[in-house]
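Only the coordinates and a few stated rules stand behind these numbers; no lab work does. Just so you know, these numbers come straight off a predicted model, no measurement behind them. We place every Cβ from the backbone using ideal geometry, glycine too, and count neighbours over all the protein chains shown.
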Amino acid sequence: MTDNKYYITTAIAYTSGKPHIGNSYEIVLADCIARFKRKQGYDVFFQTGTDEHGQKIELKAEEAGVTPKAFVDGVAGEIKDICKCLNISYDHFIRTTDDYHEKQVQKMFKKFYEQGDIYKGSYEGLYCTPCESFWTQAQLVDGKCPDCGREVKAAKEEAYFFKMSKYADRLIEHINTHPEFIQPVSRKNEMMNNFLLPGLQDLCVSRTSFKWGIPVDFDDKHVVYVWLDALSNYITGIGYDADGNSSEQYKKYWPADLHLIGKDIVRFHTIYWPIFLMALGEPLPKQVFGHPWLLAGDGKMSKSRGNVIYADDLAAFFGVDAVRYFMVHEMPYENDGSITWDLMTERVNADLANILGNLVNRTISMSNKYFAGIVEDKGAAEEVDADLKKVATDAYAKVCAKMEDLRAADAITEIFTLFKRCNKYIDETEPWVLAKDEAKKDRLATVLYNLTESITIGASLLWPFLPETAEKIVAQLNTVIRDYEKLGEFGLYENGTKVTEKPEILFARLDINDVYAEAARIAAIQKAEAGVTEEEEKEESAIEVKLKDEITYDDFAKMQFVVGEIVKCEEVPKSKKLLCSQVKIGNMTRQIVSGIKQYYKPEEMVGKKVMVLLNLKPATLAGVVSEGMLLCAEDENGNLALVSPEKEMPSGAEIC
C-alpha cells in the first residue's frame with residue numbers, strides 16, 4: 001500500500017576515490033533505518049549509488065592514464081564492495097553514468113530552459129575544484145574554500161544559470177510550515193539565516209571548462225553541472241520521466257520519506273534540490289536529515305600519514321557487526337563522532353564481548369548444564385522477575401521512539417539497557433545457588449526461561465543494527481527473529497525448546513597489542529602506497545601548532561609557575577578522569593586536581609617533580625577543591641605527559 005511505503009536515500013558517493021570510514025557511516029545508518037522500517041511492516045525502498053561526473057574525476061582519470069568512464073567504473077566497484085562488506089541491504093544502486101539517468105537529466109535541463117528557469121550568462125569567481133563550487137571573495141575563510149579549506153583559483157567561463165530567487169519565497173514558506181523538513185533544527189536555522197533570508201544568488205548549472213559530464217543536448221559546448229545532475233538521482237532512480245510518463249514505482253514511492261546526507265551538503269539538498277523539484281512541479285521530500293561526521297582520531301586522514309581508516313580493513317579485523325555497532329553507537333545526534341583503533345577495541349571488549357556475548361554464552365551454558373539445554377517456564381515467579389519483564393516488553397516502544405526521531409545511537413543504547421538488565425537479573429537470582437537446591441529446580445528453570453525470552457526480544461530489536469549477530473543469537477536459542485508487533489508480549493518463547501549444545505563465542509575479547517600491530521601493518525601499507533620517504537614521514541607526522549592570540553610580557557608575568565613535588569596522590573571518588581594530588585611547593589602544600597587518571601596511577605605520581613601554575617583561581621572539580629594546575633604536554637591523539645624540570649630542582653623553585 002502506498003500509504004505504508006518508506007523511501008529512504010543516502011547521498012550518492014563521489015567516485016574520486018575509495019571512501020574512508022567517515023563516508024561509510026551514512027550507508028550503515030541508512031541500512032539500520034531501512035531494516036528497522038521493514039521489520040515494522042513498511043514497504044521500504046532503499047536507494048544509494050555513485051556520483052560520477054565532474055572536473056575532479058576528469059583530472060583524476062587523466063592522472064591515472066585511463067578514461068573517466070574506466071576510472072569511475074573502478075571506484076564504483078570499490079564502493080559496491082564496501083556496501084557488500086558492511087551487509088548493506090539497498091534495493092537499488094544508481095550510477096549517474098546510467099543511460100536512463102543521463103537522458104532524464106537532459107530532459108529536465110531543457111524543460112527548465114524552455115519554461116524560463118534557466119538562462120545563459122558567464123561566471124567569474126573563485127573556484128574550488130575538489131568541491132566543484134564557485135565562491136565570492138567574501139565567502140572564503142582565510143582566503144580558502146569555506147567547505148573544504150583548500151585553495152581556490154580565479155575562473156571565468158560561459159555558463160547557464162538557474163533563477164533561484166524565483167522560488168525562494170515559496171521555499172521559505174515550505175520550511176516554516178513544515179518544521180520536520182530539515183533536521184536537526186540547527187541545520188534548518190543555518191540554511192534560513194545564512195542563505196535563504198539574505199537572498200539567493202542564481203546558481204551555475206552548466207560548465208564549459210571540462211567535458212566529463214552530461215551534455216546539454218541543445219548546446220554541446222556545455223555539460224550539466226554536478227549538483228543538478230547528482231541531486232536528480234533521487235527521482236530518476238525510481239522511474240521519473242520529465243515528459244510526464246513516470247513509472248508506477250515513482251508514483252508509489254515519491255516523495256522520499258528521508259534523504260539521509262552529511263551536514264556538509266545540507267545546503268544543496270534543502271535549497272537547490274527543493275527548488276529544482278518546485279520547477280518540475282513535483283512534491284518535495286518529507287525530510288532531509290544532515291547527520292554529523294564520523295572522524296578518524298583528529299579527523300586529518302592521509303595515506304602519507306598512514307592513518308586512513310577504511311571500513312573493510314576494520315571489518316576484516318574486528319568483524320562486520322562490530323564495525324556497524326561502533327558507527328551507530330558512537331555518533332551523537334548533532335555533534336561529530338570519533339573513531340580510532342583504541343576506541344573500537346574498548347567497545348568490542350566492554351559492550352559486545354562482555355555485556356552481550358557473555359550474557360548469551362552464560363545463559364545457554366547454564367541451560368545445558370542444569371537442564372540438558374531444555375528451556376521451560378515452570379511458573380515459579382518471584383517479585384524480581386517483574387522488573388526484567390517490564391524492561392523487556394517496554395524496550396520496543398522506547399527503541400521505536402528513538403528511531404522515529406532518527407536517534408539511532410540512543411536506540412541501540414536502549415537495546416543494550418535490556419541486555420544489561422539481563423546481566424543484573426543473573427546477579428540477583430544467582431542460578432548457580434538455585435542449582436544446589438533440588439527444591440528450587442522449578443525456580444531455576446523459570447529464571448533461565450526469563451533470560452532466554454528477554455534475549456530473544458533483545459536480539460530481535462538488535463537485528464536492524466547487527467543482523468549477523470542477531471541471527472546467530474536466535475539460531476543458538478533455536479528460535480527466530482520475532483515480529484515487531486509481538487515484542488510487547490513476554491512469554492512467546494516456546495516451552496520445551498532445546499538450545500544449542502555448544503554456544504558460539506559472538507565476540508572474542510581483543511588484546512590491545514594485537515590491535516596496535518594490525519594498525520601499524522595497515523599504516524605501513526598506506527605509506528608504501530603513497531611512496532613516503534623517511535624524511536617526508538617525519539614532516540607529515542609533525543604536530544600542527546595553532547597559534548593563540550599574542551600576549552605581552554606583562555600578561556605572562558601575572559602567571560606564577562613553580563616546581564612542585566607530589567607527596568600524596570589518590571583517585572577522586574565517582575570520577576573516571578581525575579586524580580587528586582598533594583603538591584609540596586617550598587614551605588606550603590597545595591591540593592591540585594588533574595584529569596590525568598587515564599595516563600598515571602596514583603602510586604606513579606608520588607615523588608615526581610612537576611611544573612605547577614600556582615596562582616590559578618581555586619575551582620571545585622567533582623566536589624574536590626583544586627588550588628592550582630599541573631602542566632602537561634599533549635600530543636595530537638590527546639595523550640598527556642606531565643612536564644618536569646630537566647635537572648634536579650627544589651620544590652618551590654620559580655619557573656621563568
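Spin-label pair residue 5-residue 417: with each label point 7 Å from Cα along the Cα-Cβ axis, the two points sit 3.5 nm from one another. Shape class for segment 553-655: rounded, because the ratio a/c of the largest to smallest gyration tensor axis (alpha-carbon atoms, square roots of eigenvalues) is under 1.5. Extension gain for residue 432-residue 525 works out to 28.5 nm (0.36 nm per residue, less the C-alpha to C-alpha distance). Note on segment 261-338: Rg/Rh from Cα positions, Kirkwood definition for Rh, rounded to two decimals, is 1.12. Stretching residue 512 away from residue 631 to a fully extended chain increases their span by 40.0 nm, per 0.36 nm per residue minus the current alpha-carbon distance. By the count of other C-beta atoms within 10 Å, a proxy for reagent exposure, 119, 333 are ordered fewest to most as 119, 333.
Model label sites at residue 603 and residue 615, defined 7 Å from Cα along the beta-carbon direction, differ in position by 3.9 nm.
At q = 0.05, 0.10 Å⁻¹ the log10 of I(q)/I(0) for the chain amounts to -0.32, -1.09, computed by Debye summation with a single uniform scatterer per C-alpha, solvent ignored.
Residue 251 to residue 643: FRET efficiency via 1/(1 + (r/R0)^6), r the Cβ-Cβ distance, R0 45 Å, to the nearest 0.05?
Numbers: r = 68 Å, r/R0 = 1.51.
According to the calculation, E is roughly 0.10.
Beyond 24 Å, how much of the Cα-Cα pair distribution for segment 90-194 remains, as a whole percent?
Of all Cα-Cα pairs in segment 90-194, 52 percent lie more than 24 Å apart.
Rounded to the nearest 20, the size of the Cβ-charge dipole of the chain about its Cα centre is 920 debye, with Lys and Arg at +1 and Asp and Glu at -1.
Using the Cβ of residue 252 as centre and a radius below 11 Å, the other residues enclosed give a net charge of -1, where K and R count +1 and D and E count -1.
Rounded to the nearest 500, the 222 nm mean residue ellipticity of the chain from helices alone is -12000 deg cm²/dmol, with -39,500 (n - 2.57) taken per DSSP H run of at least 4 residues.
Computed from the Cα positions only, the extents of segment 140-267 along the three principal axes stand at 45, 39, 26 Å, in decreasing order.
For segment 411-491, the set of trypsin sites (Lys or Arg not before Pro) satisfying both a DSSP loop assignment and a count of at most 15 other C-beta atoms within 10 Å is given as 436. Counted residue by residue at 0.36 nm each, then reduced by the alpha carbon distance between them, the extension gain from residue 394 to residue 63 reaches 113.5 nm. Protection proxy ranking, highest mean first, for peptides 603-609, 147-153: 603-609, 147-153, where packing is the per-residue count of other beta-carbon atoms within 10 Å, averaged. Once you reduce segment 168-244 and segment 469-519 to the center of their Cα atoms, the two points are 45 Å from each other.
Could you sort 357-364, 507-514, 186-193 so that the peptide with the highest average Cβ count within 10 Å comes first and the rest follow in order?
The most tightly packed comes first, giving 357-364, 186-193, 507-514.
Size descriptors for segment 340-498: radius of gyration and Dmax over Cα atoms are 15.5, 51 Å.
Relative to one another, the C-alpha centroids of segment 375-410 and segment 278-331 are positioned 30 Å apart.
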